[in-house]
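Please treat every number below as a calculation from the coordinates, not as lab data. Just so you know, these numbers come straight off a predicted model, no measurement behind them. Cβ coordinates were reconstructed from backbone atoms using ideal geometry, including for glycine residues, and neighbour counts include every protein chain displayed.
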Amino acid sequence: MKEVIYVNILLVEDDKSIALGLEYSLSQEGYTVELAVTAKQAKELINDKHSLVLLDLELPDENGFEVCKHIRSSYNTPIIFLTAYDDEVNVIMGLDLGADDYITKPFRVGELISRINSVLRRYKGNQVQKTIKLHNLEIDTTSAQVKKNGQDVQLTALEYKLLLTLLNNKEQVLTRNQILDYIWDESGNFVTDNALTVYIKRLREKIEDNPQEPKIIHTVRGLGYKLESKNDV
């Protein structure tokens with residue numbers, strides 16, 4: 001099974017047609033996309049779960065430079081500016097504020113994907129070990145190791161993939177079909193709906209204190225599943 005890298009992109013774009021087109025194209029590449037249409041919304045949404053920010057320069061309430069400064073004050077998340085302005089002053093200002101790249105509109109989606117991958121590779125090369133703490137779990141995303149109360153938890157590749165899928169969408173309800181799309185084996189070995197039930201059960205047995213009364217992976221009846229992270233530390 002190929003290594004799966006989950007990329008969560010915060011797209012800050014107020015033009016609905018551009019936003020919808022980018023959201024569709026990026027999702028087709030396997031990225032998770034969260035959309036903000038104002039600077040205020042972008043500042044409220046940004047958090048450490050985002051892998052990268054695509055930031056429009058012209059926003060209805062504030063310019064993208066201010067959003068960039070806000071992000072850089074608290075996060076090291078990669079930022080790529082998307083803008084119709086290609087003059088040297090704006091490019092230099094964006095880069096000086098901490099942006100990682102600057103793409104002028106109109107642009108080809110293929111070029112954007114290439115730039116995104118290039119920026120992410122640079123960050124990955126400089127990445128230090130990242131451990132996510134969730135309830136009594138520790139998930140080391142660089143070595144794919146999971147510990148519960150300090151003890152190793154042996155997960156299969158698909159169980160780990162399922163845990164990461166829920167973790168990267170924490171506090172959000174994922175339908176069974178969404179989860180199946182996320183954990184589809186790129187080698188062609190698909191996971192059936194019935195098998196997903198079994199994998200959820202096995203994962204709970206390994207990470208929950210009481211699998212019969214789960215505190216981490218919640219079933220939302222009629223909808224799907226949600227990972228509860230309120231006890232993150």
For the range 157-227, alpha-carbon Rg relative to the globular expectation (2.2 N^0.38 Å, N residues): 1.03
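Suppose we keep just the DSSP beta bridges with both residues in the chain; what percent of those would be antiparallel, to 5? Could the numbers behind the result be given before it?
Details: 17 of 34 bridges.
Beta bridges within the chain, antiparallel portion: roughly 50 percent.
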Note on the chain: contact order normalised by length, alpha-carbon pairs under 8 Å, 6 or more apart, percent, works out to 14 percent
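With an 8 Å cut-off on Cα pairs and a minimum separation of 6 or more residues, tell me the relative contact order of the range 157-227 in percent.
42 percent
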FRET efficiency, THR38 to ARG221 (Cβ-Cβ, R0 25 Å, nearest 0.05): 0.15
Any chance you could list the semi-axes, whole Å, largest first, of the equivalent ellipsoid that the Cα gyration tensor gives for the chain, using √(5λ)? 35, 19, 17
About the Cα centre, and with charges only on the beta carbon of Lys, Arg (+1) and Asp, Glu (-1), how big is the dipole of the chain? Nearest 20 debye, please. 980 debye
GluC sites (Glu not before Pro) restricted to the range 42-80 and DSSP loop, no more than 15 other C-beta within 10 Å: GLU58, GLU62
Most positive-pole-ward Cα, ALA157, PRO211, LEU180, against dipole of the range 157-227 from beta carbon charges: PRO211
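If we count chymotrypsin sites (Phe, Trp or Tyr not before Pro) as exposed when they sit in a DSSP loop and have at most 11 other beta carbons within 10 Å, what is the longest stretch of the chain that avoids them all?
Longest site-free region, per DSSP loop and neighbour criteria: 1-106.
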Angle in degrees between helix 157-167 and the longest Cα principal axis of the chain, rounded to the nearest 10: 60 degrees
Relative contact order, percent, the range 8-125 [alpha-carbon distance under 8 Å, six or more residues apart]: 22 percent
How far apart, in nm, are the 7 Å Cα→Cβ label points at ALA84 and ALA195? 4.9 nm
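With +1 on the Cβ of every Lys and Arg and -1 on the Cβ of every Asp and Glu, and nothing else charged, how large is the dipole of the range 8-125 about its Cα centre, in debye rounded to the nearest 20? Provide the component values of the computation, followed by the final result.
Values: 12 positive and 20 negative charges, 108 e Å.
Its charge dipole is roughly 520 debye.
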